[in-house]
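Enquirer: One structure, as structure tokens, below. Some questions next.
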Amino acid sequence: LKTSHWIGCSFLGGWPGMFAVESYAAVRHFVFVEGNSQREAAKVFGLSRETISKMCRFSLPPGYPRTKPVAKPKLGPLLPVIDAVLAADRIAPVKQRHSAKRIFERLRDEHGFGGGYTVVKDYVRLCRARGRETFVPLAHPPGHAQVDFGEAVGVIDGVRRKMHFFCMDLPQSDACFVKAYPAETTEAFLDGHVSAFAFFGGVPLSILYDNTKIAVARICGDGKRERTRAFTGLVSHYLFTDRFGRPGKGNDKGKVEGLVKHARSHFMVPIPHAPSFDDFNDELLDRCRARQEERAGRHSETIGTRLLADLAVMRALPAGQFEPCETRAARVSSTALVRYRTNDYSVPTRYGFQDVMVKGFVDTVVILCGNEEIARHPRCYGEAMFVANPLHYLALIETKPNALDQAAALQDWALPQAFQHMRHLLEARMGNKGKREFIQILRLLEAMPMEIVTFAVNEAICIGAIGFDAVKQIALARIERRPARLDLAAYPHLPKMDVKTTRAADYAALVPQTSQELAA
């Protein structure tokens, strides 16, 4: 008894309002092990019977159980005001939402709140915690993928510009593919898939997307997605299953969202510099391959090792090639132009007013009439630009030679200096006819390489054969690797040669003179 009393006093002394775990153990041991009554325990430990009863009911201190919320006499009447502010913040821009301090200032200034900042901050934190979304941990079986686009800044060919990069992530292995484009367009979306499938050497069983307009034309009332024509062609060719997250819920495809952040912070910091997008994408491929040697998360195996499980179940690449392009119908204008994405591209003038098909690739625009390719241009990402091939207008300019100097398609044509020299000579000798012949010389470029025609122009100038026929014959001879056979009668400006009949007296000059003749 004395021992128990000593234990109780040692643990209970100086502990106002609550009791240590050791105190509970001493009281419970006194009652349940030693067999004493709760009344005796109250006397020994100097506690009330109610406290002893509580210690016998609970093995640990239960804490203070509140039967009603803590009264907030100052803040309580203003809680609906705070709730209304937080509700309005849900639709406000993220950077323009109220902080706890700003709410406190408004309560003080607008509602005469006399309380402290801490009580407001605690209530705001509690409300925001209740409103935050919780998530279910997901399992990622092998062979499935997620796709998204990201944005970054880079310097391409000396120009600082915004880049859009395509990301495909295999969640099971964390293997990735990243490729940069000038814009997030349909052709970039399709080309990203084709390049990613080639990189991995197979097609995922399914791919998860957000509800991008490139893939989803419309979300039906029952939640089904109506695919765009271009995306339908991609799915039909590669036969993967398309899946879509909830609108506005990026966490549904959290793996690829994480890849976008990783690629931006690891592959594009510092700001990348590259001569072209092709060179930069080669660097990104090297980064993606190097990442397969790393370990992600808590996995002990490398990404490349775990990638084998993905590749084992992915579909083989289908036979035949898929064209990653956007296809649009168009009509040729009276100026032999076809409009694609606000830019005008030229075609040969003989196709004016005809219906054509435009294929927009990432770096090329191809125009077809029927099954014939009639024009091919580098892709332009500007606005309201004029992209023309001067050769498309030469046949029409030949019938309208006065338009030679004002033709828009020829304004920035970088011809070698020899062509301008030839024009000056032609016009000086033939007048308006010389201009027509110069246009005919330019038309040789429709069928012959620039270097061949340039050689022929220089050669014609050197020998003084100033005319279209001479340039044409010299160019043909260069292609056929033979001497040029020119009809000199057609070139009156060449110096004439006088060939005399041979006489016997002419040979006397070749006979050595006699000594007498030398003496004379």
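The values are calculated or read from the model by the stated rules, or taken from the named source; none is laboratory data. Keep in mind that this is a model prediction, so the values were computed, not measured. Cβ atoms come from the backbone with ideal geometry, glycine included; neighbour counts cover every protein chain shown. These area figures cover heavy atoms from the full protein model, side chains too; ligands, DNA and RNA do not enter into them. Shrake-Rupley method; radii C 1.70, N 1.55, O 1.52, S 1.80 Å.
Enquirer: Among the residues of segment 277-287, are any touching a Cys at 6+ places or on another chain (Cβ under 9 Å) and under 30 Å from SER236 (Cα atoms)?
Expert: Among the residues of segment 277-287, not one is touching a Cys at 6+ places or on another chain (Cβ under 9 Å) and under 30 Å from SER236 (Cα atoms), which makes the answer no.
Enquirer: What's the total number of residues in segment 75-94 that are part of a loop (DSSP other than H, G, I, E, B) and farther than 19 Å from PHE113 by Cβ? Steps first, answer last, please.
Expert: The first filter runs over segment 75-94 and keeps only residues part of a loop (DSSP other than H, G, I, E, B), leaving 75, 90-93.
Narrowing further to those that are farther than 19 Å from PHE113 by Cβ: 90-93.
The number of residues fulfilling the criteria is 4.
Enquirer: Right, another one. Among the residues of segment 402-428, what is the count of those that are over 19 Å from ARG376 (Cα atoms), within 46 Å of the chain's Cα centre (by Cα) and open to solvent by less than 20 Å² (accessible area, probe 1.4 Å)?
Expert: 4
Enquirer: Being part of a loop (DSSP other than H, G, I, E, B) and of a type in the set (D, E, K, R) is the filter; apply it to segment 235-253 and report the residue that is modelled with the highest pLDDT. I'd like the intermediate steps shown before the answer.
Expert: At the first step, the residues of segment 235-253 found to be part of a loop (DSSP other than H, G, I, E, B) are 239-240, 245-249.
Checking the rest, the ones that are also of a type in the set (D, E, K, R) come to 246, 249.
Working: ARG246: 80, LYS249: 68.
Among those that are part of a loop (DSSP other than H, G, I, E, B) and of a type in the set (D, E, K, R), it is ARG246.
Enquirer: In segment 290-315, how many residues are surrounded by 13 or more Cβ atoms within 10 Å (Cβ to Cβ) and assigned to a helix (DSSP H, G or I)?
Expert: 10
Enquirer: Pick out the one residue from ALA375, ALA329 that is under 29 Å from LYS213 (Cβ atoms) and exposed (fewer than 14 other Cβ atoms within 10 Å of the Cβ).
Expert: ALA329
Enquirer: Let me ask you something else. Suppose we filter segment 481-511 for residues that are open to solvent by 90 Å² or more (accessible area, probe 1.4 Å), modelled with pLDDT of 70 or more and within 23 Å of GLY464 (Cβ to Cβ); how many remain?
Expert: 2
Per-residue answers, yes or no, for (1) part of a helix (DSSP H, G or I); (2) open to solvent by 80 Å² or more (accessible area, probe 1.4 Å); (3) within 22 Å of MET314 (Cα to Cα); (4) in contact with a Gly (Cβ under 6 Å, 6 or more places away or on another chain):
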{"residue": "ASN211", "(1), (2), (3), (4)": "no, no, no, no"}
{"residue": "ALA217", "(1), (2), (3), (4)": "no, no, no, no"}
{"residue": "GLY221", "(1), (2), (3), (4)": "no, yes, no, no"}
{"residue": "ALA230", "(1), (2), (3), (4)": "yes, no, no, no"}
{"residue": "GLY233", "(1), (2), (3), (4)": "yes, no, yes, no"}
{"residue": "LYS255", "(1), (2), (3), (4)": "yes, no, yes, no"}
{"residue": "LEU259", "(1), (2), (3), (4)": "yes, no, yes, no"}
{"residue": "HIS262", "(1), (2), (3), (4)": "yes, no, no, no"}
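Enquirer: Among the residues of segment 434-442, is any β-branched (Val, Ile, Thr) and modelled with pLDDT of 95 or more?
Expert: The answer is yes, given that some residue of segment 434-442 is β-branched (Val, Ile, Thr) and modelled with pLDDT of 95 or more.
Enquirer: Also: Against the definition (β-branched (Val, Ile, Thr), without any contact (Cβ under 8 Å) to a residue 24 or more places away in the chain and either in a loop (DSSP other than H, G, I, E, B) or within 25 Å of VAL194 (Cα to Cα) (or both)), how does THR335 come out, yes or no?
Expert: So THR335 fits the description; yes.
Enquirer: Still on this structure: Is one or more of the residues making up segment 356-364 crowded, with 16+ Cβ neighbours inside 10 Å and part of a loop (DSSP other than H, G, I, E, B)?
Expert: Yes.
Enquirer: Ok, one more. So which residues in segment 348-369 are in contact (Cβ under 8 Å) with a residue 24 or more places away in the chain and among the small types (Gly, Ala, Ser), if there are any at all?
Expert: GLY360
Enquirer: When GLU383 is evaluated against the numbered criteria (1) touching a strand residue (DSSP E or B) at 6+ places or on another chain (Cβ under 8 Å); (2) among the charged types (D, E, K, R); (3) not in a loop (DSSP other than H, G, I, E, B), which criterion, by number, is the only one it fails?
Expert: (3)
Enquirer: Here are some residues: TYR345, TYR340. Which one is in contact (Cβ under 8 Å) with a residue 40 or more places away in the chain and crowded, with 19+ Cβ neighbours inside 10 Å?
Expert: On inspection, the qualifying residue turns out to be TYR345.
Enquirer: Cβ-Cβ distance below 7 Å, separation of 6 or more or different chains: which pairs start in segment 44-66 with a residue that is closer than 14 Å to ARG28 by Cβ and end on one that is in a loop (DSSP other than H, G, I, E, B)?
Expert: That search, which allows pairs on different chains as well, returns PRO61/MET18; PRO61/PHE19.
Enquirer: A further question follows. Given (1) at pLDDT 95 or above; (2) over 28 Å from VAL153 (Cα atoms); (3) of a type outside the set (Gly, Ala, Ser), identify the lone condition not met by VAL260.
Expert: It is condition (2) that VAL260 fails.
Enquirer: Quick check on segment 126-143. Is at least one of its residues closer than 30 Å to ALA196 by Cβ, touching a residue at least 12 places away in the same chain (Cβ under 8 Å), surrounded by 18 or more Cβ atoms within 10 Å (Cβ to Cβ) and touching a His at 6+ places or on another chain (Cβ under 6 Å)?
Expert: Checked against the condition, which is being closer than 30 Å to ALA196 by Cβ, touching a residue at least 12 places away in the same chain (Cβ under 8 Å), surrounded by 18 or more Cβ atoms within 10 Å (Cβ to Cβ) and touching a His at 6+ places or on another chain (Cβ under 6 Å), segment 126-143 yields no hits at all.
Enquirer: So, one more: Considering only segment 409-418, I want to know if a residue exists there that is in a helix (DSSP H, G or I) and over 21 Å from ARG478 (Cβ atoms).
Expert: The initial filter retains those residues of segment 409-418 that are in a helix (DSSP H, G or I), namely 409-410, 417-418.
Filter once more, keeping what is over 21 Å from ARG478 (Cβ atoms): 409-410.
Yes, segment 409-418 contains at least one residue that is in a helix (DSSP H, G or I) and over 21 Å from ARG478 (Cβ atoms).
Enquirer: Quick check on this structure: which one of PRO275, PRO247 is surrounded by fewer than 17 Cβ atoms within 10 Å (Cβ to Cβ), more than 18 Å from VAL147 (Cα to Cα) and not hydrophobic (A, V, I, L, M, F, W, C)?
Expert: PRO275
Enquirer: Continuing with this model, one more query. Please count how many residues of segment 34-74 are part of a helix (DSSP H, G or I) and open to solvent by less than 100 Å² (accessible area, probe 1.4 Å).
Expert: Of the residues in that region, 12 qualify.
Enquirer: Of all residues in segment 262-301, which are free of Cβ contacts under 8 Å to residues at least 24 places away in the same chain and more than 17 Å from LEU170 (Cβ to Cβ)?
Expert: SER265, HIS266, VAL269, PRO270, ASP278, ASP279, ASP282, GLU283, ASP286, ARG298, SER300, listed by residue number.
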